[in-house]
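Undergrad: What follows is a structure written as structure tokens; I'll ask about it next.
Where a number appears in this text, it was derived from the coordinates with a stated rule and is not lab data. Quantities reported herein were computed from a predicted structural model and do not represent experimental measurements. Cβ: placed from backbone, ideal geometry, glycine included. Neighbour counts: every protein chain shown.
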Amino acid sequence: MKKFWKLGKRSSVSVAALNAHSNQSFFKDESGSMTIFTIFLMVMMVMLGGIGVDLMRSEMIRTTCQNTLDRAILAAADLDQTLDPESVVTDYYAKSQMNCSTPEVTVDSGLNYRTITALSSAEMPTTYMKYLGNNDLPIYAGGVASEWVPNIEISLVLDISGSMRFNEKMDKLRPAASGFVGTVLQGQLSQYTSINLVPYAGQTNPGPFMFNRLKGQRYSETVLSQSKGGVPSIFAHPAGTTFDDQWEDALNEVGDEDGDGEITTRDVELDDDLKDTVTYVYPNDTSCLELTSSDFTKSRLPNGSSYEQVGHFMNWAIAADVMDWGWCPNDRSSVRYAQNSIGQLTNFINNMRMHDGTGTAYAMKYALALLDPQSKSDFQALANEGLMPSQFVGRPAQWDDPATAKYIVLMTDGQITEQIRPKTKMHEDNPTRELAKQGGSRKTQISSKSTNVDRFEALCALAKSDSRNVIIYTIAFSAPTSAQNQMRKCASSDSHYYAASPENISEVFQSIARQVRQLRLVY
């Protein structure tokens with residue numbers, strides 16, 4: 001019995017020791033702990049992934065709603081949009097079958113502006129986030145679109161030099177320039193937009209009225225036989241007559257015999273009775289001023305005490321089927337001032353004839369001067385003569401007028417040339433024989449190519465100066481490298497310069513026209 005008790009006691013001690021050892025082993029055993037942690041991480045990852053999926057879905061819906069809303073309010077803000085702006089936005093959403101609610105639209109409009117504000121919302125049911133207590137996500141799309149038409153003054157400068165006859169450039173320019181006019185004068189825009197159309201070749205013709213006003217001095221009427229290029233005296237410029245008076249008188253006396261809508265010497269030649277009775281004189285149907293070097297340093301119109309008239313001559317060979325004789329464009333292709341009639345401007349563009357030379361500095365001179373507020377009195381005088389719409393008599397506006405934007409759009413296809421003149425201004429050969437064919441002794445250079453480039457660049461700098469801030473777009477139309485560099489340097493920035501070809505000239509003009517219109521999104 002005693003022995004048995006000792007054995008039991010010994011066994012009891014061994015069990016207790018064993019239990020103690022087992023507990024210690026259990027507490028120290030870490031097997032399986034990573035499995036629990038991994039399960040926990042996987043649950044968290046699934047939750048986070050689900051949240052990401054819900055957020056991604058909501059952003060996709062929001063982006064789609066926002067893009068649709070942007071298109072809708074841009075269409076509604078267009079001043080040419082004749083439909084009710086709110087209906088336009090609503091119709092966009094209806095046809096797009098959006099999940100977003102129909103936007104709340106606010107319209108603010110006046111004579112020369114329209115602003116559309118819209119806000120749309122939606123709630124997207126969640127797939128995963130609902131297990132966290134979030135059953136849906138809100139979605140918002142909103143924006144503001146505005147088209148504001150300030151008073152716009154444009155000088156549209158078009159190269160009509162003889163090289164424009166190659167590669168169909170003139171044929172492509174006419175519809176492109178007409179399209180530009182149609183876009184910037186479309187609808188209500190014509191009430192606030194005026195275009196000075198400045199054609200140029202070797203020189204720029206301000207027209208007979210402005211020739212007289214700017215103190216131009218015409219050469220005297222001189223008899224010259226028809227065989228030498230003399231024209232009937234009715235095509236001369238008697239003192240005190242205006243451009244309209246002269247051509248109206250010619251129309252009454254001669255009539256438009258060849259049906260081209262213009263009265264020219266071609267019509268007179270068709271009238272045998274009149275041919276026998278008129279006096280033929282040296283041609284005088286152009287009105288270019290011989291500007292001085294100081295005129296290219298100022299932004300205003302020429303204001304010297306007097307200016308000689310540029311003679312009637314050609315330097316290089318003429319292509320008579322598409323060109324008219326003269327370094328100075330004839331009066332039919334003279335500057336048109338502050339016009340806003342699409343029909344009249346388009347008709348003028350379609351009937352421009354090409355001439356000799358490329359005097360881009362002269363064109364830039366007039367383009368800038370017709371935006372200069374110092375020309376206001378000249379515009380008043382032009383309106384009094386019926387040479388521009390009376391609604392623009394208050395123009396050009398001050399340089400810093402916050403309600404007015406001023407633009408120059410300049411197109412050329414060639415580099416600036418030297419300025420050539422006949423040594424004898426009214427030599428009898430000048431109306432029928434190019435100077436290049438008369439020999440070097442018959443002509444002189446009054447300014448070099450480099451001088452004319454410098455003058456051009458000085459005028460561009462004047463226009464872009466902070467005190468004027470004229471926006472200049474330039475177009476090098478299938479032009480050589482030197483002309484491209486001249487146009488690039490003149491433009492307001494690289495993005496305001498275009499290199500165009502006959503294939504894309506219309507798109508270039510339309511791009512500029514759209515920028516002038518200033519339709520934009522505001523966030």
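Undergrad: Roughly how many whole Å is it from the C-alpha centroid of segment 169-240 to that of segment 450-523?
TA: Value for the Cα centre distance between the two parts: 23 Å.
Undergrad: Could you list ARG174, ARG395 so that the one with the fewest beta carbons within 10 Å of its beta carbon is first and the one with the most is last?
TA: Details: ARG174 16, ARG395 24.
Ordered by Cβ neighbours within 10 Å, fewest first: ARG174, ARG395.
Undergrad: With 10 angstrom as the radius, rank THR451, THR68 by how many other C-beta atoms surround their C-beta, starting from the fewest. Intermediate results must be reported in sequence, preceding the final value.
TA: Numbers: THR451 17, THR68 21.
Lowest count first: THR451, THR68.
Undergrad: Could you list which residues have their amide H under 5 Å from that of LEU137, counting only those 5 or more apart in sequence or on another chain, with H placed in the peptide plane?
TA: MET124, THR126
Undergrad: Right, here's the next one. For the residues GLU503, GLU123, what sequence is obtained by ranking on other C-beta atoms within 10 Å, fewest first?
TA: Working: GLU503 9, GLU123 14.
With the fewest neighbours first, GLU503, GLU123 line up as GLU503, GLU123.
Undergrad: Calculate the length of the line joining the C-alpha centroid of segment 302-341 to that of segment 102-140, in whole Å.
TA: So the two Cα centres are separated by 60 Å.
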